[in-house]
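The values are calculated or read from the model by the stated rules, or taken from the named source; none is laboratory data. Note that this is a predicted model, so its numbers are computed, not measured. Quick reminder, even Gly has a Cβ in these numbers, built from the backbone with ideal geometry, and neighbours come from all protein chains shown.
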Amino acid sequence: MGKVVIIGCGKVGITYAYSLICTKMDIKEIVLIDIDKDKLLGDYLDLSHSLYYSDNKIKLKIGDYKDIEGADIICITAGISQGINKSRLEDLEGTKKIFKNITDQIKKYNFNGIFLITSNPNDIMCYAVYKYLNYDPKKIIGSGVSLDTSRLIDILEKREYQNVEGYVIGEHGDSSFIVWSNVAINDESAEEVLTNEEKAEIEEEVHNISQKITNKKNATYYGVSTCLCKITKAILNDDNYIMPLSCYDEEKDIFIGNVARINKDGLKEIISLDLTDSEKKLYDKSLKIIEEYNKRLN
(Lines give C-alpha, C1' and ligand atoms only; values in the text may rest on other atoms or scores of the structure.)
Protein backbone atom coordinates (compact mmCIF):
# COMPACT_ATOMS: atom_id res chain seq x y z
CA MET A 1 0.00 0.00 0.00
CA GLY A 2 1.18 3.48 -0.79
CA LYS A 3 2.46 3.77 -4.38
CA VAL A 4 1.57 6.94 -6.29
CA VAL A 5 2.39 7.59 -9.95
CA ILE A 6 2.30 11.21 -11.14
CA ILE A 7 1.85 11.72 -14.88
CA GLY A 8 2.70 15.30 -15.80
CA CYS A 9 5.36 16.87 -13.60
CA GLY A 10 4.87 20.54 -14.24
CA LYS A 11 4.26 22.96 -11.40
CA VAL A 12 1.17 21.16 -10.10
CA GLY A 13 2.64 17.67 -10.38
CA ILE A 14 5.91 18.53 -8.65
CA THR A 15 4.22 20.58 -5.92
CA TYR A 16 1.88 17.63 -5.31
CA ALA A 17 4.90 15.30 -5.02
CA TYR A 18 6.48 17.67 -2.51
CA SER A 19 3.22 17.83 -0.53
CA LEU A 20 3.16 14.03 -0.36
CA ILE A 21 6.71 13.98 0.95
CA CYS A 22 5.86 16.54 3.65
CA THR A 23 2.55 15.00 4.79
CA LYS A 24 2.53 12.07 7.20
CA MET A 25 0.73 9.17 5.52
CA ASP A 26 1.23 5.56 4.49
CA ILE A 27 3.11 6.21 1.27
CA LYS A 28 6.13 4.17 0.21
CA GLU A 29 6.87 5.15 -3.38
CA ILE A 30 6.37 8.12 -5.73
CA VAL A 31 6.98 7.65 -9.45
CA LEU A 32 7.43 10.71 -11.67
CA ILE A 33 6.58 10.59 -15.40
CA ASP A 34 6.96 13.52 -17.80
CA ILE A 35 7.96 14.12 -21.42
CA ASP A 36 10.45 16.86 -20.46
CA LYS A 37 13.19 14.56 -19.22
CA ASP A 38 15.76 17.27 -18.52
CA LYS A 39 13.50 19.37 -16.30
CA LEU A 40 12.19 16.21 -14.65
CA LEU A 41 15.72 15.19 -13.68
CA GLY A 42 16.26 18.59 -12.07
CA ASP A 43 13.03 18.37 -10.11
CA TYR A 44 13.77 14.77 -9.10
CA LEU A 45 17.18 15.71 -7.71
CA ASP A 46 15.74 18.72 -5.88
CA LEU A 47 12.92 16.64 -4.37
CA SER A 48 15.38 13.91 -3.38
CA HIS A 49 17.12 16.34 -1.08
CA SER A 50 13.89 16.75 0.93
CA LEU A 51 13.58 13.03 1.74
CA TYR A 52 16.09 12.79 4.60
CA TYR A 53 14.09 15.04 6.94
CA SER A 54 10.67 13.78 5.87
CA ASP A 55 8.58 11.78 8.35
CA ASN A 56 7.80 9.38 5.49
CA LYS A 57 10.29 6.80 4.25
CA ILE A 58 9.62 7.22 0.56
CA LYS A 59 11.27 5.81 -2.53
CA LEU A 60 11.30 8.50 -5.22
CA LYS A 61 12.06 7.60 -8.83
CA ILE A 62 11.86 8.80 -12.39
CA GLY A 63 9.77 6.18 -14.15
CA ASP A 64 7.77 5.32 -17.22
CA TYR A 65 4.41 3.76 -17.90
CA LYS A 66 5.41 0.23 -16.95
CA ASP A 67 5.74 1.54 -13.38
CA ILE A 68 1.97 1.98 -13.09
CA GLU A 69 1.64 -1.74 -12.37
CA GLY A 70 0.97 -2.22 -8.67
CA ALA A 71 0.27 1.48 -8.07
CA ASP A 72 -2.56 2.52 -5.76
CA ILE A 73 -3.09 5.90 -7.41
CA ILE A 74 -2.31 7.41 -10.80
CA CYS A 75 -2.52 11.19 -10.58
CA ILE A 76 -2.75 12.91 -13.97
CA THR A 77 -1.82 16.58 -13.90
CA ALA A 78 -0.72 16.83 -17.54
CA GLY A 79 -2.46 19.37 -19.74
CA ILE A 80 -2.36 22.82 -21.29
CA SER A 81 -1.40 25.78 -19.12
CA GLN A 82 -4.50 27.93 -18.64
CA GLY A 83 -2.62 31.17 -19.22
CA ILE A 84 -3.95 34.69 -18.97
CA ASN A 85 -7.60 35.52 -19.76
CA LYS A 86 -8.55 32.00 -20.81
CA SER A 87 -11.30 29.76 -19.49
CA ARG A 88 -10.56 26.16 -18.58
CA LEU A 89 -12.91 24.98 -21.33
CA GLU A 90 -10.77 26.67 -23.99
CA ASP A 91 -8.03 24.12 -23.28
CA LEU A 92 -10.19 21.10 -24.14
CA GLU A 93 -8.87 20.29 -27.62
CA GLY A 94 -5.21 20.34 -26.61
CA THR A 95 -5.76 18.46 -23.37
CA LYS A 96 -7.94 15.87 -25.13
CA LYS A 97 -5.00 14.91 -27.38
CA ILE A 98 -2.68 14.67 -24.39
CA PHE A 99 -5.12 12.43 -22.53
CA LYS A 100 -5.62 10.17 -25.55
CA ASN A 101 -1.85 9.62 -25.72
CA ILE A 102 -1.64 8.99 -21.97
CA THR A 103 -4.53 6.54 -21.86
CA ASP A 104 -3.16 4.68 -24.91
CA GLN A 105 0.00 4.07 -22.88
CA ILE A 106 -1.89 3.08 -19.73
CA LYS A 107 -3.84 0.44 -21.68
CA LYS A 108 -0.63 -1.53 -22.19
CA TYR A 109 -0.20 -2.24 -18.49
CA ASN A 110 -2.12 -3.70 -15.60
CA PHE A 111 -3.56 -0.96 -13.38
CA ASN A 112 -6.54 -1.43 -11.10
CA GLY A 113 -6.18 1.46 -8.69
CA ILE A 114 -7.67 4.93 -8.39
CA PHE A 115 -7.30 7.68 -10.97
CA LEU A 116 -6.92 11.15 -9.50
CA ILE A 117 -7.36 13.85 -12.16
CA THR A 118 -6.51 17.51 -11.80
CA SER A 119 -6.06 18.51 -15.46
CA ASN A 120 -8.56 21.02 -16.86
CA PRO A 121 -11.33 21.13 -17.87
CA ASN A 122 -11.48 18.80 -14.90
CA ASP A 123 -14.96 17.26 -15.07
CA ILE A 124 -14.56 16.56 -18.78
CA MET A 125 -11.11 15.02 -18.47
CA CYS A 126 -12.44 12.66 -15.78
CA TYR A 127 -15.07 11.60 -18.29
CA ALA A 128 -12.33 11.19 -20.93
CA VAL A 129 -10.44 8.70 -18.75
CA TYR A 130 -13.68 6.81 -18.13
CA LYS A 131 -14.49 6.58 -21.84
CA TYR A 132 -10.99 6.14 -23.29
CA LEU A 133 -10.18 3.29 -20.87
CA ASN A 134 -13.69 1.90 -20.30
CA TYR A 135 -12.73 2.12 -16.62
CA ASP A 136 -14.87 1.86 -13.48
CA PRO A 137 -16.06 5.48 -13.12
CA LYS A 138 -16.26 5.19 -9.34
CA LYS A 139 -12.48 4.73 -9.33
CA ILE A 140 -11.96 8.06 -11.10
CA ILE A 141 -11.89 11.20 -8.96
CA GLY A 142 -11.33 14.79 -10.02
CA SER A 143 -9.97 17.47 -7.70
CA GLY A 144 -12.60 19.78 -9.20
CA VAL A 145 -14.59 21.88 -6.75
CA SER A 146 -12.41 20.94 -3.76
CA LEU A 147 -10.21 23.88 -4.77
CA ASP A 148 -13.18 26.21 -5.33
CA THR A 149 -14.45 25.30 -1.86
CA SER A 150 -11.05 25.92 -0.29
CA ARG A 151 -11.02 29.34 -1.92
CA LEU A 152 -14.50 30.11 -0.61
CA ILE A 153 -13.51 29.28 2.97
CA ASP A 154 -10.31 31.31 2.70
CA ILE A 155 -12.13 34.36 1.31
CA LEU A 156 -14.72 34.25 4.11
CA GLU A 157 -12.08 33.84 6.81
CA LYS A 158 -10.10 36.76 5.39
CA ARG A 159 -13.26 38.80 5.97
CA GLU A 160 -12.95 37.83 9.66
CA TYR A 161 -15.75 35.27 9.63
CA GLN A 162 -15.08 32.33 11.95
CA ASN A 163 -16.02 28.62 11.99
CA VAL A 164 -17.00 28.60 8.34
CA GLU A 165 -18.42 25.52 6.65
CA GLY A 166 -19.79 25.29 3.13
CA TYR A 167 -19.37 24.02 -0.40
CA VAL A 168 -18.98 25.05 -4.00
CA ILE A 169 -20.46 22.50 -6.43
CA GLY A 170 -21.05 22.08 -10.17
CA GLU A 171 -18.48 22.47 -12.92
CA HIS A 172 -14.92 23.32 -11.90
CA GLY A 173 -15.23 26.43 -14.02
CA ASP A 174 -17.31 29.50 -14.65
CA SER A 175 -20.65 27.81 -13.92
CA SER A 176 -19.71 26.54 -10.45
CA PHE A 177 -21.71 28.09 -7.61
CA ILE A 178 -21.70 28.49 -3.86
CA VAL A 179 -24.46 26.56 -2.11
CA TRP A 180 -25.35 29.47 0.15
CA SER A 181 -28.26 27.56 1.69
CA ASN A 182 -25.68 25.14 3.14
CA VAL A 183 -23.02 27.65 4.23
CA ALA A 184 -22.68 28.11 7.99
CA ILE A 185 -20.78 30.84 9.83
CA ASN A 186 -20.41 30.32 13.58
CA ASP A 187 -23.29 27.83 13.42
CA GLU A 188 -25.55 30.43 11.80
CA SER A 189 -26.84 30.30 8.25
CA ALA A 190 -24.87 32.51 5.88
CA GLU A 191 -28.23 33.74 4.62
CA GLU A 192 -28.70 35.45 8.00
CA VAL A 193 -25.13 36.72 8.36
CA LEU A 194 -24.38 38.05 4.87
CA THR A 195 -26.21 40.57 2.73
CA ASN A 196 -27.05 39.78 -0.89
CA GLU A 197 -24.42 42.31 -1.95
CA GLU A 198 -21.76 40.59 0.17
CA LYS A 199 -22.68 37.19 -1.24
CA ALA A 200 -22.43 38.51 -4.79
CA GLU A 201 -18.98 39.99 -4.05
CA ILE A 202 -17.76 36.74 -2.54
CA GLU A 203 -19.10 34.66 -5.43
CA GLU A 204 -17.33 36.94 -7.92
CA GLU A 205 -14.09 36.66 -5.98
CA VAL A 206 -14.28 32.84 -5.88
CA HIS A 207 -14.78 32.79 -9.66
CA ASN A 208 -12.04 35.31 -10.45
CA ILE A 209 -9.30 34.45 -7.95
CA SER A 210 -7.69 31.79 -10.17
CA GLN A 211 -7.26 34.25 -13.04
CA LYS A 212 -5.98 36.91 -10.63
CA ILE A 213 -3.26 34.52 -9.43
CA THR A 214 -2.45 33.45 -12.98
CA ASN A 215 -2.09 37.07 -14.08
CA LYS A 216 0.45 37.60 -11.28
CA LYS A 217 2.51 34.38 -11.53
CA ASN A 218 1.28 32.51 -14.64
CA ALA A 219 -0.10 29.49 -12.77
CA THR A 220 -1.78 28.22 -9.61
CA TYR A 221 -0.42 25.12 -7.90
CA TYR A 222 -0.18 25.29 -4.09
CA GLY A 223 -3.93 25.16 -3.45
CA VAL A 224 -4.72 22.33 -5.84
CA SER A 225 -1.68 20.33 -4.71
CA THR A 226 -2.89 20.45 -1.11
CA CYS A 227 -6.33 19.29 -2.27
CA LEU A 228 -4.70 16.38 -4.12
CA CYS A 229 -2.70 15.50 -1.03
CA LYS A 230 -5.86 15.44 1.11
CA ILE A 231 -7.64 13.20 -1.41
CA THR A 232 -4.62 10.88 -1.57
CA LYS A 233 -4.51 10.55 2.21
CA ALA A 234 -8.25 9.74 2.32
CA ILE A 235 -7.75 6.98 -0.26
CA LEU A 236 -4.63 5.44 1.25
CA ASN A 237 -6.01 5.59 4.81
CA ASP A 238 -9.46 4.32 3.71
CA ASP A 239 -10.94 7.24 5.64
CA ASN A 240 -14.45 7.50 4.17
CA TYR A 241 -13.63 11.20 4.06
CA ILE A 242 -16.25 13.71 2.90
CA MET A 243 -15.26 16.56 0.58
CA PRO A 244 -16.45 18.25 -2.64
CA LEU A 245 -15.01 16.57 -5.75
CA SER A 246 -15.66 15.90 -9.39
CA CYS A 247 -17.18 12.43 -9.31
CA TYR A 248 -19.43 10.20 -11.36
CA ASP A 249 -23.19 10.63 -11.35
CA GLU A 250 -24.48 7.30 -12.63
CA GLU A 251 -27.98 8.58 -13.35
CA LYS A 252 -26.72 11.43 -15.53
CA ASP A 253 -23.64 9.60 -16.90
CA ILE A 254 -21.46 12.60 -16.11
CA PHE A 255 -18.66 13.79 -13.85
CA ILE A 256 -19.63 16.93 -11.97
CA GLY A 257 -18.73 18.60 -8.68
CA ASN A 258 -20.65 17.22 -5.71
CA VAL A 259 -20.03 16.50 -2.05
CA ALA A 260 -18.72 12.93 -1.94
CA ARG A 261 -17.49 10.28 0.45
CA ILE A 262 -14.26 8.59 -0.69
CA ASN A 263 -12.16 5.67 0.51
CA LYS A 264 -9.67 3.09 -0.80
CA ASP A 265 -12.17 2.00 -3.48
CA GLY A 266 -12.70 5.55 -4.78
CA LEU A 267 -16.19 7.03 -4.70
CA LYS A 268 -18.30 5.43 -1.98
CA GLU A 269 -21.30 7.75 -2.34
CA ILE A 270 -22.48 11.17 -3.42
CA ILE A 271 -24.01 13.11 -0.55
CA SER A 272 -26.99 15.06 -1.80
CA LEU A 273 -27.40 18.61 -0.56
CA ASP A 274 -30.82 20.10 0.02
CA LEU A 275 -30.75 22.73 -2.73
CA THR A 276 -33.14 25.63 -3.12
CA ASP A 277 -35.02 26.02 -6.40
CA SER A 278 -32.59 28.68 -7.60
CA GLU A 279 -29.60 26.48 -6.69
CA LYS A 280 -31.14 23.55 -8.60
CA LYS A 281 -31.32 25.77 -11.69
CA LEU A 282 -27.66 26.71 -11.30
CA TYR A 283 -26.75 23.03 -10.95
CA ASP A 284 -28.73 22.12 -14.08
CA LYS A 285 -27.01 24.92 -16.00
CA SER A 286 -23.61 23.57 -14.97
CA LEU A 287 -24.69 20.05 -15.87
CA LYS A 288 -25.70 21.07 -19.39
CA ILE A 289 -22.40 22.87 -20.01
CA ILE A 290 -20.41 19.77 -19.05
CA GLU A 291 -22.67 17.51 -21.13
CA GLU A 292 -22.13 19.69 -24.19
CA TYR A 293 -18.34 19.54 -23.85
CA ASN A 294 -18.37 15.79 -23.16
CA LYS A 295 -19.81 15.35 -26.66
CA ARG A 296 -16.61 16.80 -28.11
CA LEU A 297 -14.56 13.89 -26.76
CA ASN A 298 -15.88 11.58 -29.52
TODO: Would you please list the contacts, defined by Cβ atoms under 6 Å and residues six or more apart or on different chains, that run from a residue in the range 255-270 that is assigned to a loop (DSSP other than H, G, I, E, B) to a residue that is at pLDDT 95 or above and surrounded by 22 or more Cβ atoms within 10 Å (Cβ to Cβ)?
DONE: K264/I235
Open item on the list: It is to be established whether one or more residues within the range 277-292 are of a type in the set (A, V, I, L, M, F, W, C) and not in a helix (DSSP H, G or I).
Closed with: no
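Sort through D174, D154, D136 and tell me the only one that's free of Cβ contacts under 8 Å to residues at least 40 places away in the same chain, under 19 Å from the mean Cα position of the chain (by Cα) and either surrounded by fewer than 18 Cβ atoms within 10 Å (Cβ to Cβ) or farther than 27 Å from D34 by Cα (or both).
Sole residue among the options that is free of Cβ contacts under 8 Å to residues at least 40 places away in the same chain, under 19 Å from the mean Cα position of the chain (by Cα) and either surrounded by fewer than 18 Cβ atoms within 10 Å (Cβ to Cβ) or farther than 27 Å from D34 by Cα (or both): D154.
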Task: Residues of the range 25-52 satisfying the condition of being part of a loop (DSSP other than H, G, I, E, B) and within 20 Å of the chain's Cα centre (by Cα) - done: M25, I27, D34
Open item on the list: Would you confirm whether or not the range 41-63 contains a residue that is modelled with pLDDT under 95 and closer than 19 Å to Y221 by Cα?
Closed with: no
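Just the residues that are touching a Ser or Thr at 6+ places or on another chain (Cβ under 7 Å) and either hydrophobic (A, V, I, L, M, F, W, C) or more than 13 Å from H172 (Cα to Cα) (or both), please, taken from the range 286-298.
Selection gives I289 alone.
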